[in-house]
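Notes for the one structure printed next.
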Amino acid sequence: MRYLAYDVLKDFVRSTLTRCGVPVEDATSVADYLLYANPSGAESHRIVHLGHYLRRLANGTIKAGPNIRYSSPRPASLSVDGGDGLGHAVPARAIDRGVNTCRRQGSAVVVVENSSHFGMAAYHVRRITAANLVGMIMTHTDARIVPTGARTPFLGTNPIAFGFPPQANHWC
C-alpha cells in the first residue's frame, strides 16, 4: 500500500477540480470533505469517488460553476438553489450564509435544492458547530428499502446529523 501526505492529496484533488472549471473555493470545499471522509471507512463518501464527480462534471450533470441563487422567504429562513453544483460545495456556501442569518435572527432554517450527493451529514454539521452554534443537517435519498409487506422500495436511508459545540451558548 502506498501513502500520500495529506497536503499532497489535497492539492491533487483541488487542482484536478479547478482544471475542470470548478472555482477554487468550491474545489477546496470538496477536497476538505473528501479528505475528512476518507478515514471514515464509508465507501460512499471516500476519495475514491473523485472519478465519479469528474465524470459528472464532464457530462454536465454537475455544473463546475453553478449559478447559486439565494432567497429569504422569511427573516430566519434561507432558500438556496444550488444550480446543480457539487454537493459538497453548495452546502458549505449555504451553511456559511445560514450561520450569518442565525447570528442576525437568533435561529435559522436553510433549505437547499438542485445540488448533488452531499456525503456525510456529520461533516457539514461541523461547519455549524465550528461557529459555536447548535445545528441539524438532513437530506433525502432515493427509495431503496422495501417495507415489511410491500413489494417495491418506499423508504430511503435518509441521513441526519446533530451537532453541539463543546460550550454551546447559542441555540440555532
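What follows is calculated from the coordinates using simple rules that are stated; it is not laboratory data. Computed from a predicted model, the values in this text were never measured in an experiment. When we count neighbours, we look across all protein chains shown, and the Cβ atoms used for this are built from the backbone with ideal geometry, even at glycine.
Counting only strands (runs of 3 or more DSSP E) wholly contained in the range 97-172, the ones carrying 2 or more residues that are touching a Ser or Thr at 6+ places or on another chain (Cβ under 6 Å) occupy 109-115.
Which ones in the range 22-36 are surrounded by fewer than 22 Cβ atoms within 10 Å (Cβ to Cβ) and of a type outside the set (Ser, Thr, Tyr)? Correct list: Pro23, Val24, Glu25, Asp32, Leu35.
Within the range 41-65, the residues that satisfy the criterion of being under 15 Å from Phe118 (Cα atoms) and not aliphatic (A, V, I, L, M) are Glu43, Ser44, His45, Arg46, His49, His52, Tyr53, Arg56, Thr61, Lys63.
Yes/no per residue for (1) among the β-branched types (Val, Ile, Thr); (2) under 24 Å from Ala131 (Cα atoms):
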site	(1), (2)
Phe12	no, no
Thr16	yes, no
Ala27	no, yes
Ala37	no, yes
Ser40	no, yes
Val48	yes, no
Pro73	no, yes
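Residue-level check: of (1) touching a strand residue (DSSP E or B) at 6+ places or on another chain (Cβ under 8 Å); (2) part of a loop (DSSP other than H, G, I, E, B); (3) surrounded by fewer than 17 Cβ atoms within 10 Å (Cβ to Cβ), Pro75 misses just (1). Check Ala27 against each of (1) of a type in the set (A, V, I, L, M, F, W, C); (2) assigned to a helix (DSSP H, G or I); (3) more than 20 Å from Arg126 (Cα to Cα) and name the one condition it does not meet. Unmet condition: (3). In the range 46-75, the residues that are at positive phi form Cβ pairs under 9 Å with partners that are among the acidic types (Asp, Glu) and not in a helix (DSSP H, G or I), at six or more places apart or across chains, as follows: Gly60/Asp84.
One residue is enough: does the range 45-53 have a residue meeting the conditions over 13 Å from the mean Cα position of the chain (by Cα) and in a strand (DSSP E or B)? No, there is no match, as no residue in the range 45-53 is over 13 Å from the mean Cα position of the chain (by Cα) and in a strand (DSSP E or B).
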